[in-house]
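Report on one structure; see the data block that follows.
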Amino acid sequence: MSSSGQKFAVIGVDHGHAIGMARGLIGAGAACKGWWTRGDTEGAKQFAGQFPDLVRFDDRRRLLDDPETEFVVIAAINSERAAFALEALEAGKDVLVDKPGCTSLDDLARIENAVAETGRKWIVFFGERLGVPSATMADRLISEGAIGDVIQTIGLGPHQLRADVRPDWFWNREQYGGILTDIAAHQFDQFLHFTRSTDAEVVSSATGRFGAHEGNGFEDFGEALIRSPHASGYARVDWFTPDGLGTWGDGRMTILGTKGYIELRKYIDIAGAPGTDHLFLVNGEAPQRIDCSGVGTPFFAQFLEDVRTREESAMRQQHAFAATRLALVAQRDAKRIGK
């Protein structure tokens with residue numbers, strides 16, 4: 001696939017994922033026209049430090065009105081992402097937005113309408129799958145039939161809180177959207193993808209605050225049970241990863257099939273092998289530990305090709321909608337527990 005020369009703009013760098021997304025696209029052959037964000041934030045300083053040669057624009061309309069800008073990358077404050085995405089779609093640009101793509105079902109409905117009207121793409125970057133080599137390998141093994149038909153996933157997304165470096169919006173429920181909307185979006189994406197489900201229902205969900213953290217509606221724990229016609233899934237996310245772990249979270253995914261199972265230990269194998277991207281495969285043969293650190297992630301190259309060809313090799317548009325909707329419904333209907 002050749003995607004050299006495609007150009008994009010970055011709007012909103014309030015989350016550090018903006019750096020990884022821009023780096024991935026540039027590595028896949030695209031060029032960044034420039035970036036815009038509001039204010040002199042820590043996110044702006046970090047992005048500028050990583051990309052000192054990129055021009056920061058004082059008016060995002062200059063980037064949106066530029067005919068050379070083919071698509072827009074968005075990693076703004078969670079609650080602002082929908083408005084920026086709608087602005088980009090209406091300007092005739094495809095959108096690659098960091099998760100969560102939006103923070104309300106009303107916003108999602110507006111985005112769906114805009115995609116239908118403009119014919120542009122609105123793709124959500126679920127980094128815990130699309131940016132993780134062990135998840136790439138799991139997908140390959142599932143497609144090869146290594147564990148049979150997938151019937152359940154258990155996704156764990158623990159995170160370090162690092163309260164001293166979080167921006168003010170991180171603590172505000174209206175701005176970050178709630179813990180299931182935010183970090184559990186990864187688990188809903190993985191459930192749909194690994195079980196090959198086109199949609200699912202939220203059977204039950206709960207959110208709460210158990211720690212001593214202050215904030216306007218801040219939640220540090222969330223869980224959900226989801227089900228499609230042929231598979232079920234459980235997700236747990238939290239902000240209780242201790243500093244002693246040595247990384248930001250012990251993210252894991254267990255994928256159960258009719259002929260075996262896969263466990264991903266994405267970021268660390270505690271008391272095990274060093275490094276990241278450990279995959280354990282157990283089926284009719286002997287159990288295997290597979291080092292996936294060199295497998296790579298094809299998403300960014302596939303996304304650039306899709307922008308060019310209008311195909312859906314990186315992600316189906318309906319998948320982006322369905323995974324986002326599951327997170328929003330789980331958050332809306334969650335039972336409140338804890339403090």
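Checking every residue in the stretch 167-180 against the condition of being under 21 Å from the mean Cα position of the chain (by Cα), assigned to a loop (DSSP other than H, G, I, E, B) and free of Cβ contacts under 8 Å to residues at least 12 places away in the same chain gives zero matches. Exactly one residue out of Ala212, Ala224, Ala206 is in a loop (DSSP other than H, G, I, E, B) and small (Gly, Ala, Ser), and it is Ala212.
So that you can scan it fast, the table gives a plain yes or no per residue for (1) hydrophobic (A, V, I, L, M, F, W, C); (2) at pLDDT below 95; (3) surrounded by fewer than 19 Cβ atoms within 10 Å (Cβ to Cβ); (4) on the phi < 0 side of the Ramachandran plot:
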residue	(1), (2), (3), (4)
Ala231	yes, no, no, yes
Arg236	no, no, yes, yes
Trp239	yes, no, no, yes
Met253	yes, no, no, yes
Ile262	yes, no, no, yes
Ala271	yes, yes, yes, no
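Out of contact with any strand residue (DSSP E or B) (no Cβ under 7 Å at 6 or more places or on another chain) and either within 16 Å of Phe194 (Cβ to Cβ) or buried (at least 18 other Cβ atoms within 10 Å of the Cβ) (or both): does that describe Gln318?
Working: out of contact with any strand residue (DSSP E or B) (no Cβ under 7 Å at 6 or more places or on another chain): yes; either within 16 Å of Phe194 (Cβ to Cβ) or buried (at least 18 other Cβ atoms within 10 Å of the Cβ) (or both): no.
Spelling it out, it is not the case that Gln318 is out of contact with any strand residue (DSSP E or B) (no Cβ under 7 Å at 6 or more places or on another chain) and either within 16 Å of Phe194 (Cβ to Cβ) or buried (at least 18 other Cβ atoms within 10 Å of the Cβ) (or both).
Entry remark, the stretch 228-247: residues being more than 30 Å from Asp199 (Cα to Cα) and among the aliphatic types (A, V, I, L, M) number 1 in total. In the stretch 132-140 there is no residue that is in contact with a strand residue (DSSP E or B) (Cβ under 7 Å, 6 or more places away or on another chain) and of a type in the set (Val, Ile, Thr). The requirement of being crowded, with 20+ Cβ neighbours inside 10 Å, of a type outside the set (D, E, K, R) and either in contact with a Gly (Cβ under 7 Å, 6 or more places away or on another chain) or touching a residue at least 60 places away in the same chain (Cβ under 8 Å) (or both) is satisfied by Ala88.
Filter the stretch 273-286 down to the residues that are of a type in the set (Asp, Glu) and surrounded by fewer than 16 Cβ atoms within 10 Å (Cβ to Cβ) and list them by number. Explain how you work it out, then say what you get.
The first filter runs over the stretch 273-286 and keeps only residues of a type in the set (Asp, Glu), leaving 277, 285.
The one that is of a type in the set (Asp, Glu) and surrounded by fewer than 16 Cβ atoms within 10 Å (Cβ to Cβ): Glu285.
The values are calculated or read from the model by the stated rules, or taken from the named source; none is laboratory data. Computed from a prediction, not measured in an experiment: that's the story for all the values here. Backbone-built Cβ (ideal geometry, glycine too); neighbour counts: all protein chains shown.
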